[in-house]
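Below you'll find the structure, written out as structure tokens, and then a few comments.
The values are calculated or read from the model by the stated rules, or taken from the named source; none is laboratory data. Everything numeric here is computed off the predicted structure, so don't read it as measured data. All Cβ positions, glycine included, derive from the backbone under ideal geometry; neighbour counts span all protein chains shown. These area figures cover heavy atoms from the full protein model, side chains too; ligands, DNA and RNA do not enter into them. Shrake-Rupley method; radii C 1.70, N 1.55, O 1.52, S 1.80 Å.
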Amino acid sequence: MSKYVSAGDIADYQRDGVVCIKGLFKDWVPVISEGIERNMREPSQYAAENLKPGEGGRFFDDYCNWERIPEFTEVIRKSPAAQAAAELMQSNSAQIFHDHVLVKEPGTSKPTPWHQDAPYYFVDGEQTVSFWVPVEPVKEAALRCIAGSHKWPKMVLPVRWLSEQNFYAGEHDYIPVPDPDAEPGKYKVVEWQMEPGDAVAFHYKTVHGARGNNSDRRRRAFSMRWVGDDAHYVSRPGRTSPPYPGHDMKDGQRLRADWFPVIWQQ
């Protein structure tokens, strides 16, 4: 019996690679919100501002901070995240990969480009899940996902968000970045109007993006990336994101537990 997700949630996730779970983190919104504010006051070396000169608003992101931001530590270790992740992945364990903060201030028209996370990561496997959790009500700037794209035979070409250059060489190894808005009806795009603490759970290979935030309120979101029993290290043709220099892992190995702890075990 699953504690945090329903049998329908699991079936939707396995079929579509994405599901929205209402209220999963509603009790954790104040903690997550304070963690985001602390992260923005104390950014890491990976923090980025994702706007070009002249573009309005602010689009901030940062990752790999959960061990130094106490609010994020508490959420990852004590919230329902790890067990819910294992239940959706149908895994006996849930291992934290990393956290990610994404903030679009009011009047930020720049969209988050369509992409998959998997090509940027040094992780492969079918048991993967990310939670995307807003701390303000979200309508137009919610996460948008292409249902079923986690089962596509090739991954989408990874592109740098700011420069729009290819992340790796070897374009023939990937499919071009899709544009569902230019080809209406070709893809099944799902999105939800969300309240603080709702969570979109999506597979690392699920293609997703987001519109700009043209509202008069902030859009702050906290993501947690999890892996399950079958996830393992895989080398990529260049520097991954996050890079984790000096990890010393080899192809096929499970992620090292001293860097990526197992938070929940059945």
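Remarks
- Calculated [θ] (222 nm, deg cm²/dmol) that DSSP helices of n ≥ 4 give over the chain, each run adding -39,500 (n - 2.57): -4500 deg cm²/dmol
- Dipole size of the chain about its Cα centre, with +1 on Lys/Arg Cβ and -1 on Asp/Glu Cβ: approximately 120 debye, rounded to the nearest 20.
- Evaluated at q = 0.22, 0.24 Å⁻¹, the base-10 log of the normalised Debye intensity for the stretch 174-232, with identical point scatterers placed on the Cα atoms, takes the values -1.20, -1.27.
- Relative contact order for the chain, counting Cα pairs under 8 Å that sit 6 or more residues apart, in percent: 31
- This model, with +1 at the C-beta of Lys and Arg and -1 at the C-beta of Asp and Glu, gives the stretch 218-266 a dipole about its Cα centre of some 480 debye.
- Averaging 1/r over each pair of different alpha-carbon atoms in the chain and inverting the result gives 18.6 Å, the Kirkwood hydrodynamic radius.
- Environment charge at PHE59 (Cβ cut-off 13 Å; Lys +1, Arg +1, Asp -1, Glu -1): +3
- Rg over Rh [alpha-carbon atoms, Kirkwood Rh] for the stretch 1-159: 0.94
- Summed residue charge, Cβ within 10 Å of ASP181's Cβ, Lys/Arg positive, Asp/Glu negative: 0
- By accessible area, using a 1.4 Å probe on protein heavy atoms only, the stretch 1-154 has 50% of its surface on carbon and sulfur.
- Average accessible area per residue (Å²) across the chain - probe 1.4 Å, nucleic acids and ligands excluded: 44
- Counting only heavy atoms of the protein chains and using a 1.4 Å probe, TRP28 has close to 40 Å² of accessible surface.
- Using the average count of surrounding beta-carbon atoms within 10 Å as a protection proxy, the listed peptides 146-157, 49-60 rank, highest first, as 146-157, 49-60.
- Positive-end extreme of charge dipole, the chain - chosen from SER93, PHE59, ALA7 (charges on Cβ): PHE59
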